[in-house]
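*Asks:* If you scroll down you'll find the structure; I have some questions about it.
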Amino acid sequence: PNCGQTQAGSVAITVQALPVASISGTATICSGTSTMITFTGTPNATVTYNVNANPDEFIILDAAGTATLTTPILTADSTYTLVSVASNGTPNCSQTVLGSALVSVIAAPAASISGATTICSGTTATVTFTGTPNATVTYNINGAANQTILLNASGTATLVGTYLVNTTVTLVSVTTAGTPSCTKLLGTTITLAVIDPTAT
(Lines give C-alpha, C1' and ligand atoms only; values in the text may rest on other atoms or scores of the structure.)
Protein backbone atom coordinates (compact mmCIF):
# COMPACT_ATOMS: atom_id res chain seq x y z
CA PRO A 1 0.00 0.00 0.00
CA ASN A 2 1.01 3.65 -0.44
CA CYS A 3 1.28 4.98 3.08
CA GLY A 4 1.70 8.63 4.16
CA GLN A 5 1.52 10.90 7.16
CA THR A 6 1.92 14.59 8.01
CA GLN A 7 5.46 15.69 8.93
CA ALA A 8 6.75 18.74 10.87
CA GLY A 9 10.09 20.52 10.30
CA SER A 10 11.67 23.43 8.47
CA VAL A 11 15.02 24.90 7.41
CA ALA A 12 15.71 28.59 7.79
CA ILE A 13 18.14 30.05 5.24
CA THR A 14 19.64 33.31 6.43
CA VAL A 15 20.93 35.48 3.61
CA GLN A 16 23.85 37.71 4.57
CA ALA A 17 23.91 41.00 2.70
CA LEU A 18 26.98 41.58 0.59
CA PRO A 19 29.50 43.86 2.28
CA VAL A 20 29.99 47.40 0.97
CA ALA A 21 32.82 49.91 1.08
CA SER A 22 33.56 53.45 -0.04
CA ILE A 23 36.64 55.66 0.03
CA SER A 24 37.19 59.37 0.62
CA GLY A 25 40.15 61.66 1.01
CA THR A 26 40.54 63.38 -2.35
CA ALA A 27 42.75 66.35 -1.53
CA THR A 28 45.45 68.69 -2.71
CA ILE A 29 48.55 68.82 -0.55
CA CYS A 30 52.03 70.31 -0.61
CA SER A 31 54.94 68.18 -1.76
CA GLY A 32 56.67 66.56 1.16
CA THR A 33 53.54 66.25 3.31
CA SER A 34 50.94 63.53 3.93
CA THR A 35 47.16 63.31 4.25
CA MET A 36 44.42 60.96 5.47
CA ILE A 37 42.43 58.44 3.42
CA THR A 38 39.16 57.20 4.97
CA PHE A 39 37.44 53.88 4.23
CA THR A 40 33.79 53.38 5.19
CA GLY A 41 31.55 50.34 4.90
CA THR A 42 30.37 47.12 6.52
CA PRO A 43 31.67 46.85 10.11
CA ASN A 44 34.69 44.56 10.55
CA ALA A 45 34.99 43.97 6.80
CA THR A 46 38.34 43.71 5.04
CA VAL A 47 38.83 46.24 2.26
CA THR A 48 41.27 45.58 -0.55
CA TYR A 49 42.75 48.60 -2.33
CA ASN A 50 45.81 49.65 -4.28
CA VAL A 51 47.89 52.77 -4.72
CA ASN A 52 48.69 53.88 -8.26
CA ALA A 53 47.78 50.38 -9.55
CA ASN A 54 50.58 48.77 -7.52
CA PRO A 55 50.05 45.42 -5.72
CA ASP A 56 46.92 45.19 -3.58
CA GLU A 57 46.92 46.20 0.08
CA PHE A 58 44.38 45.54 2.84
CA ILE A 59 42.75 47.43 5.69
CA ILE A 60 40.15 46.23 8.23
CA LEU A 61 37.16 48.39 9.12
CA ASP A 62 36.39 48.77 12.81
CA ALA A 63 33.11 47.91 14.59
CA ALA A 64 31.71 51.26 13.44
CA GLY A 65 32.60 50.50 9.81
CA THR A 66 35.46 52.96 9.36
CA ALA A 67 39.23 52.91 8.97
CA THR A 68 41.73 55.66 8.31
CA LEU A 69 45.07 55.49 6.57
CA THR A 70 47.84 58.06 6.79
CA THR A 71 49.63 58.30 3.48
CA PRO A 72 53.41 58.34 3.37
CA ILE A 73 55.19 61.60 2.58
CA LEU A 74 54.15 62.32 -1.00
CA THR A 75 56.06 64.12 -3.75
CA ALA A 76 53.84 63.11 -6.69
CA ASP A 77 50.11 62.65 -7.36
CA SER A 78 48.76 59.38 -5.95
CA THR A 79 45.48 57.55 -6.56
CA TYR A 80 44.03 55.21 -3.92
CA THR A 81 41.60 52.79 -5.61
CA LEU A 82 39.13 50.32 -4.09
CA VAL A 83 39.33 46.75 -5.39
CA SER A 84 36.99 44.63 -3.26
CA VAL A 85 35.47 44.16 0.18
CA ALA A 86 35.02 40.93 2.17
CA SER A 87 32.84 40.41 5.25
CA ASN A 88 34.11 38.91 8.49
CA GLY A 89 32.83 35.56 9.77
CA THR A 90 31.11 32.63 8.07
CA PRO A 91 30.17 32.66 5.30
CA ASN A 92 32.84 35.03 4.05
CA CYS A 93 31.05 37.14 1.45
CA SER A 94 32.87 39.47 -0.91
CA GLN A 95 32.27 41.65 -3.89
CA THR A 96 34.13 44.01 -6.21
CA VAL A 97 33.71 47.68 -5.33
CA LEU A 98 34.45 50.87 -7.22
CA GLY A 99 35.81 54.15 -5.91
CA SER A 100 39.01 56.11 -5.68
CA ALA A 101 40.60 59.07 -3.92
CA LEU A 102 43.08 61.27 -5.78
CA VAL A 103 45.74 63.09 -3.80
CA SER A 104 47.12 65.92 -5.93
CA VAL A 105 50.58 67.12 -4.91
CA ILE A 106 51.68 70.71 -5.45
CA ALA A 107 55.36 70.82 -6.38
CA ALA A 108 57.57 72.62 -3.89
CA PRO A 109 58.01 76.28 -4.88
CA ALA A 110 61.42 77.58 -5.88
CA ALA A 111 63.16 80.95 -5.87
CA SER A 112 66.61 82.30 -6.64
CA ILE A 113 68.26 85.70 -6.58
CA SER A 114 70.67 87.40 -8.96
CA GLY A 115 72.14 90.79 -9.78
CA ALA A 116 75.36 92.76 -10.09
CA THR A 117 77.65 91.88 -7.19
CA THR A 118 79.96 94.91 -7.38
CA ILE A 119 78.66 98.49 -7.67
CA CYS A 120 79.84 102.00 -7.06
CA SER A 121 78.71 103.75 -3.89
CA GLY A 122 75.59 105.82 -4.38
CA THR A 123 74.58 104.11 -7.61
CA THR A 124 71.41 102.21 -8.36
CA ALA A 125 71.45 98.43 -8.56
CA THR A 126 68.75 95.91 -9.47
CA VAL A 127 68.30 92.60 -7.68
CA THR A 128 66.19 90.07 -9.56
CA PHE A 129 64.11 87.35 -7.93
CA THR A 130 63.19 84.35 -10.06
CA GLY A 131 61.04 81.36 -9.20
CA THR A 132 57.58 79.84 -9.13
CA PRO A 133 55.07 82.12 -10.92
CA ASN A 134 52.84 84.17 -8.60
CA ALA A 135 54.72 82.99 -5.51
CA THR A 136 55.58 85.29 -2.62
CA VAL A 137 59.28 85.56 -1.78
CA THR A 138 60.32 86.54 1.73
CA TYR A 139 63.74 88.18 2.06
CA ASN A 140 65.71 90.52 4.27
CA ILE A 141 68.50 93.04 3.80
CA ASN A 142 71.52 92.82 6.07
CA GLY A 143 69.58 90.66 8.51
CA ALA A 144 66.93 93.30 9.19
CA ALA A 145 63.19 92.62 9.37
CA ASN A 146 61.78 90.28 6.74
CA GLN A 147 60.11 91.77 3.68
CA THR A 148 58.11 90.19 0.86
CA ILE A 149 57.94 90.59 -2.88
CA LEU A 150 55.46 88.98 -5.28
CA LEU A 151 56.69 87.19 -8.39
CA ASN A 152 54.68 87.88 -11.53
CA ALA A 153 53.04 85.36 -13.86
CA SER A 154 56.41 84.80 -15.51
CA GLY A 155 58.04 84.10 -12.16
CA THR A 156 60.17 87.24 -11.79
CA ALA A 157 60.32 90.36 -9.63
CA THR A 158 62.91 93.10 -9.28
CA LEU A 159 64.13 95.17 -6.37
CA VAL A 160 65.79 98.49 -7.26
CA GLY A 161 67.79 100.41 -4.68
CA THR A 162 70.67 102.80 -4.10
CA TYR A 163 73.45 101.41 -1.94
CA LEU A 164 76.18 103.18 0.04
CA VAL A 165 77.68 100.21 1.90
CA ASN A 166 78.14 96.52 1.29
CA THR A 167 74.70 94.94 1.32
CA THR A 168 73.58 91.33 1.68
CA VAL A 169 70.15 90.28 0.47
CA THR A 170 69.01 86.95 1.92
CA LEU A 171 66.21 84.77 0.59
CA VAL A 172 64.27 83.45 3.58
CA SER A 173 61.46 81.47 1.96
CA VAL A 174 59.07 81.21 -0.96
CA THR A 175 55.33 80.55 -0.69
CA THR A 176 52.93 79.51 -3.44
CA ALA A 177 49.67 81.28 -4.18
CA GLY A 178 46.32 79.50 -3.81
CA THR A 179 45.11 76.80 -1.44
CA PRO A 180 46.90 75.05 0.07
CA SER A 181 49.71 77.55 0.35
CA CYS A 182 53.04 75.72 0.24
CA THR A 183 56.24 77.19 1.69
CA LYS A 184 59.86 76.24 1.16
CA LEU A 185 62.68 77.61 3.31
CA LEU A 186 65.66 78.89 1.36
CA GLY A 187 68.54 80.76 2.98
CA THR A 188 70.47 81.73 -0.17
CA THR A 189 72.15 85.14 -0.31
CA ILE A 190 73.65 87.67 -2.68
CA THR A 191 76.12 90.32 -1.55
CA LEU A 192 76.45 93.68 -3.25
CA ALA A 193 80.03 94.87 -2.78
CA VAL A 194 80.02 98.69 -2.78
CA ILE A 195 83.15 100.46 -4.02
CA ASP A 196 83.69 103.89 -2.48
CA PRO A 197 86.92 105.42 -3.88
CA THR A 198 88.79 107.97 -1.78
CA ALA A 199 91.86 110.17 -2.28
CA THR A 200 94.15 112.28 -0.09
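The values are calculated or read from the model by the stated rules, or taken from the named source; none is laboratory data. Remember, predicted model here, so these are calculated numbers, not experimental data. Neighbour counts run over all protein chains shown; Cβ positions are idealised from the backbone, glycine included. Quick note on the areas: whole protein, heavy atoms, side chains included, nothing else; ligands and nucleic acids left out. Shrake-Rupley method; radii C 1.70, N 1.55, O 1.52, S 1.80 Å.
*Asks:* Using a 10 Å cut-off on Cβ atoms, rank the peptides 9-22, 182-195, 131-144 from the highest mean neighbour count down.
*Replies:* 131-144, 182-195, 9-22
*Asks:* Treating each Cα of segment 103-165 as an identical point scatterer and ignoring solvent, apply the Debye formula and state log10 I(q)/I(0) at q = 0.14, 0.18, 0.29 Å⁻¹.
*Replies:* Taken in order of the listed q values, log10 I(q)/I(0) reads -0.48, -0.72, -1.25.
*Asks:* Stokes-Einstein diffusion coefficient for segment 10-96 at 20 °C in a medium of 1.002 mPa s, Rh from the Kirkwood formula over Cα pairs: what value in µm²/s?
*Replies:* 152
*Asks:* Still on this structure, I have one more. Starting from the Cα of Thr156, step 7 Å along the direction of its Cβ; do the same at Ala64; then give the gap between the two resulting points in nm.
*Replies:* Roughly 5.5 nm, to one decimal.
*Asks:* Leaving out ligands, DNA and RNA, what percent of the accessible area of the chain is carbon and sulfur, probe 1.4 Å?
*Replies:* C and S fraction of accessible area: 56 percent.
*Asks:* At 1.4 Å probe size, with every protein chain present, just tell me what the per residue accessible area of the chain comes to in Å².
*Replies:* Per-residue accessible area for the chain comes out at 58 Å².
*Asks:* With a Cα-only, solvent-free Debye model of the chain, what are the log10 I(q)/I(0) values at q = 0.08, 0.09, 0.15 Å⁻¹?
*Replies:* Here log10 of I(q) over I(0) equals -0.52, -0.59, -0.92.
*Asks:* Under the 0.36 nm per residue contour assumption, what length would be gained going from the current alpha-carbon distance of Ala53 and Ala145 to full extension? List each step's numbers first, then the result.
*Replies:* Working: separation 92, 0.36 × 92 = 33.12 nm, distance 4.88 nm.
28.2 nm is the gain from fully extending Ala53 to Ala145.
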